[in-house]
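Take a look at the structure below.
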Amino acid sequence: MPAGRNCHIDSSRMNWSPLPASISSLPKAELHLHLEGSIQPATVCALTAEHNILLTEDEVRRRYSYRDFTGFIDAFKWVTSFLREPRDYGLIARDLSEHLLTQGVVYAEVTLSIGVMLLRKQKPEVNFEAILRATEPFEKKGLRLNWVFDAARQFGAEAAMEVVNAAKHCQSKTIVAFGIGGDEMSVATEEFRQVYEQAANSGLHLLMHAGEVGGPEKIREAIEFLNVERIGHGIAAAQDPSLVDLLADRRIPLEICPESNIRTGALARQLHLPEARITDHPLPQLWRHGVPIVLSTDDPAMFHTTLEAEYKNAAQTGLNEAELARLVDMSFEHAFLPENEKLGLRMIRHS
Ligand SMILES: [Zn+2]
């Protein structure tokens with residue numbers, strides 16, 4: 001669809017007040033972040049110029065606004081169509097690393113759309129090698145990155161199994177998890193049982209996007225059929241008190257990305273409203289019921305957000321300073337890292 005019309009942004013709702021210094025100065029971890037959704041407009045222009053396509057940053061910004069979730073998926077397809085060579089992946093991984101340093105991020109689990117690479121007949125191991133080469137120098141600057149290999153739900157179970165196989169072929173201890181994103185309403189959850197068993201047998205942690213545009217049953221299925229350890233988004237949980245209890249009792253975190261939920265229209269859809277505001281977000285309700293929450297940006301460039309802005313969003317939903325500090329803790333607590341390494345990371349301060 002032509003992007004840029006009917007965008008959900010309401011500038012009057014944006015919170016320009018600064019975060020308390022006690023929160024903004026803390027080293028942070030981010031656990032739900034897509035590399036391909038992090039390509040800033042200037043970088044998209046550099047990327048397309050490599051392929052002899054001239055775009056302006058304004059054109060990219062227009063593409064980066066959506067009327068609904070389908071519009072977002074269309075824009076994601078559009079921007080990933082310019083990722084054609086391993087060096088393209090190196091370029092965007094370097095840019096994301098620089099951006100994360102500006103946000104005080106010392107650790108991130110970054111999702112790679114391996115399913116999309118395979119669909120385009122690319123070799124994930126070669127792209128991944130370029131990504132590692134581009135990002136390893138940032139470790140000296142205090143940024144540690146691990147990776148999530150992600151399949152697209154709508155491509156089906158067989159294609160998802162190929163993503164697990166790609167993770168095995170890459171043989172890198174930095175690949176910590178397997179996940180599924182994409183169109184939640186497409187393939188039934190139970191069709192992925194074997195894929196998740198295989199991923200678990202390969203030593204990968206298990207993730208799934210669920211309850212973003214789908215109902216609470218998608219979250220329950222991901223937990224009961226697939227044993228996932230964290231849920232991507234999961235905002236639909238707020239509609240089902242017994243599911244909220246289950247998430248709290250079993251300490252299964254929701255990876256909450258407020259700006260994303262507004263800009264894709266996912267929150268409005270869950271609430272059956274024509275448009276949703278940040279103050280409509282169920283974050284505080286879930287939080288106060290004891291559901292672990294890890295706050296993230298999802299696709300920061302595509303949603304015009306930053307991790308700092310997401311903490312401001314969380315404040316705007318009603319979390320106080322002590323709760324925001326606890327929110328920072330949670331992203332470390334629920335990271336797929338050994339305990340002793342988490343402690344070391346929290347000592348890092350970027351200059
Ligand atoms: Zn996501």
- Note on the structure: In the set 324, 343, the lone residue that is modelled with pLDDT of 95 or more, away from the ligand (no atom under 16 Å from the Cβ), farther than 17 Å from residue 68 by Cα and hydrophobic (A, V, I, L, M, F, W, C) is 324
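This table checks each residue for (1) touching a residue at least 40 places away in the same chain (Cβ under 8 Å); (2) closer than 21 Å to residue 337 by Cβ.
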| site | (1), (2) |
| --- | --- |
| 45 | no, no |
| 58 | no, no |
| 64 | yes, no |
| 84 | no, no |
| 92 | yes, no |
| 118 | yes, no |
| 140 | no, yes |
| 143 | yes, yes |
- Query: Just for the range 285-321: of the residues that are crowded, with 20+ Cβ neighbours inside 10 Å and of a type in the set (D, E, K, R), which one is farthest from the ligand (Cβ to nearest atom)?
  - Reply: 312
- Task: Filter the range 174-185 down to residues that are away from the ligand (no atom under 15 Å from the Cβ) and modelled with pLDDT of 95 or more and give me whichever is surrounded by the most Cβ atoms within 10 Å (Cβ to Cβ).
- Result: 175
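Condition check ((1) within 15 Å of the chain's Cα centre (by Cα); (2) more than 28 Å from residue 139 (Cα to Cα); (3) of a type in the set (D, E, K, R); (4) not in a helix (DSSP H, G or I)) across all residues:
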residue: 244; (1), (2), (3), (4): no, yes, no, no
residue: 247; (1), (2), (3), (4): no, yes, no, no
residue: 323; (1), (2), (3), (4): no, yes, yes, no
residue: 340; (1), (2), (3), (4): no, no, no, no
- Item | Index of the failed condition, residue 215 passing every other in (1) under 22 Å from residue 132 (Cα atoms); (2) surrounded by 16 or more Cβ atoms within 10 Å (Cβ to Cβ); (3) away from the ligand (no atom under 15 Å from the Cβ) | (1)
- Message: Looking only at residues that are over 14 Å from residue 204 (Cβ atoms) and part of a strand (DSSP E or B) in the range 120-178, which one is farthest from the chain's Cα centre (by Cα)?
- Response: 144
- Item | In the range 33-82, the residues that are hydrophobic (A, V, I, L, M, F, W, C) and farther than 25 Å from residue 100 by Cβ | 53, 54, 69
- Task: Go through the residues of the range 220-235 one by one and say whether even a single one is part of a helix (DSSP H, G or I), within 16 Å of the ligand (Cβ to nearest atom) and in contact (Cβ under 8 Å) with a residue 12 or more places away in the chain.
- Result: yes
- Task: Take the range 39-68 and flag every residue that is at pLDDT 95 or above, under 19 Å from residue 310 (Cα atoms) and surrounded by fewer than 23 Cβ atoms within 10 Å (Cβ to Cβ).
- Result: 40
- away from the ligand (no atom under 13 Å from the Cβ) and part of a loop (DSSP other than H, G, I, E, B): does that describe residue 276? yes
- Report, ordered by the first and then the second residue, all pairs with beta carbons closer than 8 Å, sequence separation of six or more or different chains, a first member in the range 328-348 that is closer than 11 Å to residue 27 by Cβ, and a second member that is polar (S, T, N, Q) and surrounded by 13 or more Cβ atoms within 10 Å (Cβ to Cβ). 331/296
- Message: With the requirement that a residue be surrounded by fewer than 20 Cβ atoms within 10 Å (Cβ to Cβ), outside any loop (DSSP other than H, G, I, E, B) and among the polar types (S, T, N, Q), what does the range 186-212 give you?
- Response: 194, 198, 201
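Quick check on the range 74-106: of everything there that is part of a helix (DSSP H, G or I) and surrounded by fewer than 17 Cβ atoms within 10 Å (Cβ to Cβ), which residue is farthest from the chain's Cα centre (by Cα)? Break it down into steps so the answer makes sense when it comes.
Within the range 74-106, the subset part of a helix (DSSP H, G or I) is 74-80, 86-102.
Filter once more, keeping what is surrounded by fewer than 17 Cβ atoms within 10 Å (Cβ to Cβ): 74, 77-78, 87, 98, 101-102.
Working: 74: 17, 77: 16, 78: 18, 87: 22, 98: 17, 101: 17, 102: 18 Å.
Only one residue fits best here, namely 87.
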- Check whether at least one residue in the range 248-264 is under 15 Å from residue 208 (Cβ atoms), away from the ligand (no atom under 16 Å from the Cβ) and hydrophobic (A, V, I, L, M, F, W, C), and report yes or no. yes
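One line per residue, one yes/no per condition, for (1) under 19 Å from residue 104 (Cα atoms); (2) assigned to a helix (DSSP H, G or I):
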{"site": "287", "(1), (2)": "no, yes"}
{"site": "291", "(1), (2)": "no, no"}
{"site": "294", "(1), (2)": "yes, no"}
{"site": "310", "(1), (2)": "yes, yes"}
{"site": "331", "(1), (2)": "yes, yes"}
{"site": "335", "(1), (2)": "yes, no"}
{"site": "343", "(1), (2)": "yes, yes"}
- When (1) touching a residue at least 60 places away in the same chain (Cβ under 8 Å); (2) part of a helix (DSSP H, G or I); (3) of a type outside the set (Lys, Arg) are applied to residue 109, the one that fails is (2)
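The values are calculated or read from the model by the stated rules, or taken from the named source; none is laboratory data. Treat the numbers as computed from the prediction; the structure is a model and nothing was measured. Note that each Cβ is placed from the backbone with ideal geometry, even for glycine, and that neighbours are counted across all protein chains shown.
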